[in-house]
Amino acid sequence: MNSAAALATSSRRGFRFLYVVDAVTLFALMAAITVVRFGLDWPTYPRTHYVIGFAIATVLHMTVYYFGGLYEFEQRLGHRPWLPRAMLLTFMAVGGDATVTLLTGRYLMPRANLVVLAVAGAVLISFNRWGARRVRLLRMGRPRMLLVGAPADIDSAEVHLADAEADAVVAGSLTDPELIIGEADRLGATELLLLSGEPLDTIYPEPLGELELRNIGVFRRIKPADTLLGLQRSRQIGGMPFVALRAHALPMCRLRFKRLLDLAYLALLAPFALPLSAAVAIYVRTVGGRGVLYRQERVGREGAPFVLLKFRTMTRDAERNGPVMAASNDPRVIKGMGWLRSTRLDELPQLWNVLVGTMSLVGPRPERPQFVARLEREIAGYGRRHDVPPGITGLAQTQGHYQTDPGYKLGHDLQYVVNWSPVLDWEIMAKSLVVMARRNAR
């Protein structure tokens, strides 16, 4: 491992220490607020009641902070302000504290304490991150920046960085993007700044993926024309606006949150999905004969293969001449089975795929390995749709058709990956129900 990667890995581990620091801070804050209000003679309940309540509230707050992204590794340059994020998440967690009281009748702490906790907790959580940033600077030294771009842009950036970025050092510069990896290793760079509006295909998917594996931050300077793209998140580095580039769109905390939501949805769907699946299975057996389930290898998250389940709606020799993409009014569909495909009831067995974690309820539809290999060659960035687990339904399925060009479908898939939220999933699931009701194969 090179020195830059070793430093970044050490930094990542140090950042994880914030779990402990934040938990101790929150618990101590809850106790301190109570002491300030009541002294050492706490009212109504024995002290153990309060201690247990503080512990439950701490776990709840830490859970909200985790899924809210406060423990995702942050590069050291141009960090976003912590206080607004911490304030929003702390208010959400305090709302969770109040909800526990409403549902159980157990007060985790005196009610007025929640108001103070909402404000003071956000401030202290933000302060912990400022402190961690300073400690990281002392332990690891200043970030080492590699500047990439035209000579004039490099000269201008060096002036700006010297004046406004005292906590970082310019390790070197480069005019040829093809030499990035070798130069980053030689200089021990921890951050890469793209200055001249280089086309994204010069950095993505490689060497951006390799740089991310080495924990080297990559930032692209925002030029005036870039504002036409509607960029909403930018970082100030040396007084210049940059946007952070990442090979993967969703951090792990959001993927895990999506997984928890899938399991919750499955629990709610089970009383309806199980009898419906049994009824469809009987119908498929009656109309199509033996072989109710159809198993097919597909490509899942991070390109890993998995076995997808479906109710069989095509003849057994549908692919006797090799894999073929499904088409509208496909002649291989068994008579009497078309409505299962148009209403997507043939996808019901994929709820098992969701349960075991190879799929999600909503996401890009998984393709077969043979098609993926070809599409990755033909369409730049196609592999990024594998940043999230594939779904039973997705944005491309509610907006397009079977015959929609793969490039256009990819646009829908990437829009979903970049903008994922629980609300977007709800919207897609609602639209999918409309599609099923209309028997409109898309």
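Brief remarks on what is shown
- Inspection of the range 421-435 finds a residue satisfying the criterion of being outside any loop (DSSP other than H, G, I, E, B) and at pLDDT below 80.
- First in the range 373-393 and open to solvent by 30 Å² or more (accessible area, probe 1.4 Å), second anywhere and outside any helix (DSSP H, G or I) and of a type in the set (Phe, Trp, Tyr), Cβ under 9 Å, 6 or more apart: 380/204; 384/204
To keep it simple, each residue is scored yes or no on (1) polar (S, T, N, Q); (2) within 21 Å of residue 263 (Cβ to Cβ); (3) over 26 Å from the mean Cα position of the chain (by Cα).
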site	(1), (2), (3)
346	no, no, yes
368	no, no, no
373	no, no, no
380	no, no, no
397	yes, no, no
407	no, no, no
410	no, no, no
415	yes, no, no
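- Here residue 79 meets each of (1) under 21 Å from the mean Cα position of the chain (by Cα); (2) modelled with pLDDT of 85 or more with one exception, condition (2).
- The number of residues in the range 124-173 being of a type in the set (D, E, K, R), surrounded by 14 or more Cβ atoms within 10 Å (Cβ to Cβ) and under 17 Å from residue 217 (Cα atoms) comes to 5.
- Residues of the range 340-396 satisfying the condition of being of a type in the set (Gly, Ala, Ser) and over 22 Å from residue 253 (Cα atoms): 342, 373, 380, 381, 396
- Set 268, 255, 263: member being open to solvent by 50 Å² or more (accessible area, probe 1.4 Å), more than 30 Å from residue 162 (Cβ to Cβ) and within 20 Å of the chain's Cα centre (by Cα): 263
- Scanning the range 363-393 for residues that are in contact with a Phe, Trp or Tyr (Cβ under 9 Å, 6 or more places away or on another chain) and more than 12 Å from residue 300 (Cβ to Cβ) yields 375, 376, 380, 381, 384.
- Close Cβ contacts (under 7 Å, 6 or more residues apart or on different chains) running from residues in the range 152-173 that are within 23 Å of residue 134 (Cα to Cα) to residues that are open to solvent by 40 Å² or more (accessible area, probe 1.4 Å) and part of a loop (DSSP other than H, G, I, E, B) comprise 160/239; 164/239; 167/142; 168/142; 169/142.
- Of all residues making up the range 136-151, the number that are at positive phi and under 28 Å from the mean Cα position of the chain (by Cα): 0
- So residue 76, is it farther than 18 Å from residue 20 by Cα, open to solvent by 30 Å² or more (accessible area, probe 1.4 Å) and touching a residue at least 40 places away in the same chain (Cβ under 8 Å): no
- When residues in the range 331-346 are screened for being open to solvent by 20 Å² or more (accessible area, probe 1.4 Å), touching a residue at least 40 places away in the same chain (Cβ under 8 Å), in contact with a strand residue (DSSP E or B) (Cβ under 8 Å, 6 or more places away or on another chain) and not in a helix (DSSP H, G or I), 2 of them pass.
- Within the range 28-47, residues that are within 10 Å of residue 113 (Cβ to Cβ) sit with their Cβ atoms under 8 Å from residues that are of a type in the set (A, V, I, L, M, F, W, C) and not in a helix (DSSP H, G or I), at 6+ positions apart or across chains, in these pairs: 30/109; 33/109; 34/42; 34/109.
- Any hit, the range 347-361, residues being open to solvent by 10 Å² or more (accessible area, probe 1.4 Å) and small (Gly, Ala, Ser): yes
- Subset of the range 236-252 [open to solvent by less than 70 Å² (accessible area, probe 1.4 Å) and not in a strand (DSSP E or B)]: 238, 239, 247, 249, 250, 251
- Answer residue from the range 174-209, given it is over 22 Å from residue 78 (Cα atoms) and among the polar types (S, T, N, Q) and is surrounded by the fewest Cβ atoms within 10 Å (Cβ to Cβ) among those: 175
The values are calculated or read from the model by the stated rules, or taken from the named source; none is laboratory data. Worth saying up front: this structure is predicted, and the values here are computed from it rather than measured. Cβ: placed from backbone, ideal geometry, glycine included. Neighbour counts: every protein chain shown. Keep in mind that these areas ignore ligands, DNA and RNA; they rest on the heavy atoms of the full protein, side chains included. Shrake-Rupley method; radii C 1.70, N 1.55, O 1.52, S 1.80 Å.
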